[in-house]
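Below is one structure; the comments refer to it alone.
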Amino acid sequence: MEDRIDRLLATRPGWEYVPWAADGESGYWEFMPSERGRQGHRIPTTILNTDRHPGWIDVLPAHSGTTPAPIPVAGLAGLRARLGEFEAVR
């Protein structure tokens, strides 16, 4: 799954791979333009691999303050279909 996400996001502007997750965990992708929102600096939209549901992908919306609940995504097809939505949140 990680390789397929990499192939999808590596060519899209604004997405950066962060390889230094906690020990024993995979890296993750961040949408850097979402880091600067209307309220200033915040945690950017983040794509994480997960085993909490069968789609294997969670999206953590850009935020400052309390961490929002992750949005479960239905696999790579679901991510591809919703990327415009996730990239529009600024």
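The values are calculated or read from the model by the stated rules, or taken from the named source; none is laboratory data. None of the values given here were measured: they were computed from a predicted structure. No Cβ is skipped: glycine too gets one built from the backbone with ideal geometry, and neighbour counts run over all protein chains shown. These area figures cover heavy atoms from the full protein model, side chains too; ligands, DNA and RNA do not enter into them. Shrake-Rupley method; radii C 1.70, N 1.55, O 1.52, S 1.80 Å.
See the values below:
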quantity: Carbon + sulfur, % of accessible area of the chain - ligands and nucleic acids excluded, 1.4 Å; calculated: 52
quantity: Ranking by accessible area, most exposed first, for T46, T67 with a 1.4 Å probe; calculated: T67, T46
quantity: Rounded accessible area per residue of the chain, 1.4 Å, Å²; calculated: 61
quantity: Size of charge dipole - the chain - debye, nearest 20, with Cβ of Lys, Arg +1 and Asp, Glu -1, no other charges; calculated: 460
quantity: Value at 222 nm in deg cm²/dmol, rounded to 500, when DSSP H runs of n ≥ 4 in the chain each add -39,500 (n - 2.57); calculated: -7500 deg cm²/dmol
quantity: 20 °C / 1.002 mPa s Stokes-Einstein diffusion coefficient of the chain, Kirkwood radius on C-alpha pairs, µm²/s; calculated: 161
quantity: Listed residue (P54, G84, G27) projecting farthest to the positive dipole end of the chain, Cβ model; calculated: G84
quantity: Principal-axis tilt of helix 75-88 within the chain, Cα atoms, nearest 10 degrees; calculated: 10
